[in-house]
Amino acid sequence: MFTIKNHLQIENSHLTIGGVDSVELIEQYGSPLYVTNEERLRANFRRYKDAFPDANLYYAAKANANFTILRIMADEGAGADVFSDGELYMALLAGIPKEKVLFNGNSKSDHELLMAVKTGVRVSLDSLDELKTLSTIAKNEGAVVDISFRVNPDVSPDTHPKISTGLRTSKFGVPHDEVVHAYKKALDLPGVNPVGIHCHIGSQILDITPFAEAMTKMMDLVEQVSRLGAELEFVDVGSGLGIPYEKGVKVPTPQDLADLILPIFNERCKAGGISPKLILEPGRYVAADSTVLLTTVNTMKEAEKKFVGVDAGFNLMIRPAMYDSYQHIVVANKADAPAKNIYTIAGPICETGDILAHDRELPQIEKGDIIAVLDAGAYGFSMSSQYNGRVRCAEVLVNDGEVDVIRKRETYDDLLANQILPARFL
Ligand SMILES: *Cc1c(COP(=O)(O)O)cnc(C)c1O
């Protein structure tokens, strides 16, 4: 037995996950297939919790909102960062207590705000306009909603521009210099009760120094807002810790992040004589490396490059196409074979950009081989689509040799679900 990465091992030349042979998984459940290791998911969450024992962790549902995964998070004591009515619905149904749900979003509909009021979750507001809307909705319902503002802290982490969310020009959050004014307004309005402050600077961040800058800026604001008479119960600094998609890159751990930001937080709380709860919202760190996407080789082509045509593309894993991201590739049925050639792994979607991996040194590949896309648990299935008339694949959960199907493969009927052919075409 040989460990590839964390919980992934090789037995009899096959990649195994959670003690289950990936090749047998494909034989039994079909291809493509998402495979999540429950133990790894829980271990990731606990490692984060160990680094921040006094903080609340709100799992970012958008990373992977599979219902079973949300239930596992609820079981671990996580709260949830939700970004839509649907995520709110699923998180509450999965058993995450409403007191530990923060409803985020830069453009929530009135319907979504009403749902927040009715379910009694906290709302992170993104603008003064949204503050007015929520105040009116809550007042009409005779309710008072606990709110925070999402602050745009104007810091620039070194990550892909599409996942940098705290730049001055970003669509997210209340501009840094308008935040105090926003709290003043909130204190005056009925139906809203400012109890927290929130930011989130981006995702897949590997240099953690911007987190210190953001924490300092947040605590400056906490001080100013406290002077207005608002008693802040929580300071939510979002998430964004990166993971090592590429072998050999050194990445910061949750403990490194804690060592950097907790002293700032604790010192500023002490100096201000306040004791708000710290909240963090990990998504990628918890979910990403718990999961592999298995996909089968349909066809080989020697052209300008050696193309490997597989049965999963950006319909199931959009990160490489959308963020130019690297996903590590293993030939699951030849997991310990030596590298032989340089291959480009192409999905079946009718788009030039549908490439899962460029120019990788891999063992000799042939039709029928199984390709494993590692670290596929965050922003993988949750960003999937039916583009090109492709049904979404199944998802299984493995745990210590046991396998459960946690989502069935879609059928052709699912492609037509909710479509209505007008009677005149019958
Ligand atoms: C996406 C998001 C997160 C999760 O970020 P990760 O980098 O996946 O940990 C947390 N908070 C908010 C507000 C988000 O939008």
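The values are calculated or read from the model by the stated rules, or taken from the named source; none is laboratory data. Quick caveat: nothing in here was measured; it's all calculated off a predicted structure. Because the Cβ atoms are built from the backbone with ideal geometry, glycine has one as well, and the counts that use them run over all protein chains shown. Areas reflect the complete protein model, heavy atoms only, side chains present, ligands, DNA and RNA absent. Shrake-Rupley method; radii C 1.70, N 1.55, O 1.52, S 1.80 Å.
Some notes on this structure:
- Residue that is out of contact with any helix residue (DSSP H, G or I) (no Cβ under 8 Å at 6 or more places or on another chain), touching a residue at least 24 places away in the same chain (Cβ under 8 Å) and either more than 16 Å from the ligand (Cβ to nearest atom) or not in a loop (DSSP other than H, G, I, E, B) (or both), where the choices are 418, 388: 388
- Per the conditions (1) modelled with pLDDT of 95 or more; (2) away from the ligand (no atom under 16 Å from the Cβ); (3) open to solvent by 10 Å² or more (accessible area, probe 1.4 Å), the sole criterion not satisfied by residue 318 is (2).
- In the range 148-163, the condition of being away from the ligand (no atom under 16 Å from the Cβ), touching a residue at least 12 places away in the same chain (Cβ under 8 Å) and crowded, with 24+ Cβ neighbours inside 10 Å is met by no residue.
- Residue list for the range 116-146, restricted to those being within 15 Å of the ligand (Cβ to nearest atom) and part of a strand (DSSP E or B): 122, 123, 124, 125
Conditions (1) exposed (fewer than 15 other Cβ atoms within 10 Å of the Cβ); (2) within 16 Å of the ligand (Cβ to nearest atom), marked per residue:
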position	(1), (2)
323	no, yes
329	no, no
332	no, no
347	no, no
359	yes, no
362	no, no
372	no, no
406	no, no
411	yes, no
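- Total residues in the range 225-261 satisfying the condition of being away from the ligand (no atom under 13 Å from the Cβ) and open to solvent by 10 Å² or more (accessible area, probe 1.4 Å): the figure is 18.
- Filtered residues of the range 164-203 (kept if hydroxyl-bearing (Ser, Thr, Tyr), closer than 19 Å to residue 215 by Cα and either outside any strand (DSSP E or B) or more than 16 Å from the ligand (Cβ to nearest atom) (or both)): 165, 170, 183, 203
- Subset tally (residues that are open to solvent by less than 40 Å² (accessible area, probe 1.4 Å) and either aromatic (Phe, Trp, Tyr) or away from the ligand (no atom under 16 Å from the Cβ) (or both)) for the range 44-76: 7
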